[in-house]
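The values are calculated or read from the model by the stated rules, or taken from the named source; none is laboratory data. Since this is a predicted model, take the numbers as computed values, not measurements. Neighbour counts are summed over all protein chains in view; Cβ atoms, including those assigned to glycine, are modelled from backbone coordinates with ideal geometry.
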Amino acid sequence: MKIILIPGNTDLNRGDQALVWESIRLIEDACEDADITLMKGDDLRQYSQTEKLGYPLIQTVLKHPGRFFNKRKHVRYSVFDIAVMGLVAVFDFFLSSALLVRCRFVNYLAQRFFPKNSRETLAKFRNCDAVVVKGGGFIHSYGAITDAYQIYYLLFYMLLAIRYGKKLLILPNSIGPLKNGIARRLAIYVMNHADYVSVRESVSNDYLLSMKSLHSHIYHHADLGFFLNASAGFDAIDYLKNHGVDTSKQMVGITLRPYRFPGDANPEEKYRNYIDSVVALVQKLLEKRYQIILFSHTLGPGAHENDALALEELSAILDERNLPYKFIEDVALDCRQVMSIYSHFTFLVGTRFHSVIFAQNSFVPTIAISYGGNKGVGIMKDAGLDDYSIPMGEISSERLVSAFERLETDRNEVIEQLRQHRNELENDRDIMVNEVKKSVNRGEGKLIRIPYVPDTNIGYLKAA
């Protein structure tokens, strides 16, 4: 069975890499004859580690509208940048949407405007049996003027799968909120045409169940990152020592990300407050004799995804105040190695949510600074740890310090809660494998939505 896994792979984001690798493992367990093809980014670093796994990689068709800028250097776009990207997006929309209309002649004409490698990708889509969306959390909008195109850009390959009549499976994702009307309608259209839709936390599940126009059968499972195993042949302690870390001390890992606060009236003020709040936390932790490790969990490809930029802003302030810390930025690490490193921390304060999941996999107590849809709040809630989740837009130094102090006091109880959550997920993946197997083997026709009740043991939704 020929399967294309979307969206594009990026090894620079260790969370996305983990989701791609775990999606592959799940597909292969569900389909013994799976022939999996991955989509690659334009930057070699986005797929060099995954390429070593031996799976064929195809080029993307629809490019990012900011592709003409060096996005790694600047987090914020100027008015000129936005105007140029808007024009590029308009052109890309009209050209790519011609691939989706139900007229083969129009499709043929549109393809002539794409390079050879993109035409080869389109041929792969026409000839595959199924398109699978890896686990993740990118289907959301906050009402910004750019949301309509952004959701089209993110859903394009799902729309292409629907156009070609391929099976479409969506592995556990966080979905919503969808405040833009066009974004909402597009997302509902895709889910109503999918053969399998699953969400990774209860907030997204409740959000989708509230949509009267959504008729898909919705499953609820854990984020695939919870099933990742740490690297067996990697000596994390030796690695940390080589980076100047005194591993005899209690360590607190911190992951940040540059964030534009889309749709917010005062994005720069919110971002500055976010950084300042973490500075206050670091000062408090140093008073308690913790060793601080600033870790670049994600390194690109664009500035918006390059955590080093946010960490450099934080470290510049720490340097001004002569506050000690260690800074680790290493593109050579893969997700399993990163998880091994986090396992040796005493605590982790994470904005990148898969840094939180990686730490929790090793029963490291965490604080999640949540952003970008329902994922952070929902996953922490499902783990029974929502008291330790703080929305990025509502963060303050007092709230962050207070949450950490509660985490210190409740450390043993939190570790026990993490162990209990792990036990609850023990059979979750096996259930998911069976569902995917049934979905890819099912004939034509979509599932009809029926009422659900939660299973109190693993949070899996069963038919009532």
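Kindly provide the set of residues from the range 34-52 that are under 20 Å from residue 3 (Cβ atoms), in contact with a helix residue (DSSP H, G or I) (Cβ under 9 Å, 6 or more places away or on another chain) and touching a residue at least 40 places away in the same chain (Cβ under 8 Å), ordered by number.
Hits for the range 34-52 are 37, 39, 50.
Suppose we filter the range 108-150 for residues that are touching a helix residue (DSSP H, G or I) at 6+ places or on another chain (Cβ under 8 Å), more than 30 Å from residue 33 (Cα to Cα) and assigned to a helix (DSSP H, G or I); how many remain?
Residues meeting the conditions: 6.
A quick yes/no check of all residues on (1) over 14 Å from residue 27 (Cβ atoms); (2) of a type outside the set (A, V, I, L, M, F, W, C); (3) out of contact with any His (no Cβ under 6 Å at 6 or more places or on another chain):
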site	(1), (2), (3)
132	no, no, yes
136	yes, yes, yes
140	yes, yes, yes
145	yes, no, yes
151	yes, no, yes
158	yes, no, yes
162	yes, no, no
169	no, no, yes
172	no, yes, no
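Of all residues in the range 93-107, how many are part of a helix (DSSP H, G or I) and either of a type outside the set (D, E, K, R) or touching a residue at least 60 places away in the same chain (Cβ under 8 Å) (or both)?
The qualifying residues number 8.
When the residues of the range 260-289 are filtered to those that are of a type outside the set (D, E, K, R) and in contact with a Gly (Cβ under 8 Å, 6 or more places away or on another chain), which remaining residue is surrounded by the most Cβ atoms within 10 Å (Cβ to Cβ)?
The extreme case among them is 261.
Taking only the range 208-241 into account, find how many residues are within 24 Å of residue 352 (Cβ to Cβ), buried (at least 21 other Cβ atoms within 10 Å of the Cβ) and of a type outside the set (A, V, I, L, M, F, W, C).
Result for the range 208-241: 4.
Inspect all residues belonging to the range 440-451 and state whether any of them is assigned to a helix (DSSP H, G or I), at pLDDT 95 or above, more than 30 Å from residue 141 (Cα to Cα) and over 24 Å from the mean Cα position of the chain (by Cα).
For the range 440-451, residues assigned to a helix (DSSP H, G or I), at pLDDT 95 or above, more than 30 Å from residue 141 (Cα to Cα) and over 24 Å from the mean Cα position of the chain (by Cα): absent.
List pairs: first residue in the range 198-216 and assigned by TED's automatic domain parsing to the domain that holds residue 357, second residue in a helix (DSSP H, G or I) and at pLDDT below 90 anywhere in the structure, Cβ distance under 7 angstrom, at least six positions apart or on different chains.
none
Of (1) under 21 Å from residue 407 (Cα atoms); (2) crowded, with 19+ Cβ neighbours inside 10 Å, residue 328 satisfies all except one. Which?
Among (1) under 21 Å from residue 407 (Cα atoms); (2) crowded, with 19+ Cβ neighbours inside 10 Å, residue 328 violates only (1).
Somewhere in the range 20-38, is a residue closer than 30 Å to residue 271 by Cα, buried (at least 21 other Cβ atoms within 10 Å of the Cβ) and of a type outside the set (S, T, N, Q)?
So far as the range 20-38 goes, yes, one or more of its residues are closer than 30 Å to residue 271 by Cα, buried (at least 21 other Cβ atoms within 10 Å of the Cβ) and of a type outside the set (S, T, N, Q).
Return yes when residue 179 is touching a residue at least 24 places away in the same chain (Cβ under 8 Å), among the basic types (Lys, Arg), more than 25 Å from residue 435 (Cβ to Cβ) and outside the structural domain of residue 337 (by TED's automatic domain parsing) and no when it is not.
Answer is yes for this residue.
Take residue 231 and tell me if it is in a loop (DSSP other than H, G, I, E, B), modelled with pLDDT under 95 and either under 21 Å from the mean Cα position of the chain (by Cα) or within 30 Å of residue 108 (Cα to Cα) (or both).
yes
Residue by residue, here is whether (1) of a type in the set (Ser, Thr, Tyr); (2) in a helix (DSSP H, G or I); (3) in contact with a strand residue (DSSP E or B) (Cβ under 7 Å, 6 or more places away or on another chain); (4) at negative phi holds:
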| residue | (1), (2), (3), (4) |
| --- | --- |
| 4 | no, no, yes, yes |
| 29 | no, yes, no, yes |
| 54 | no, no, no, no |
| 67 | no, no, no, yes |
| 84 | no, yes, no, yes |
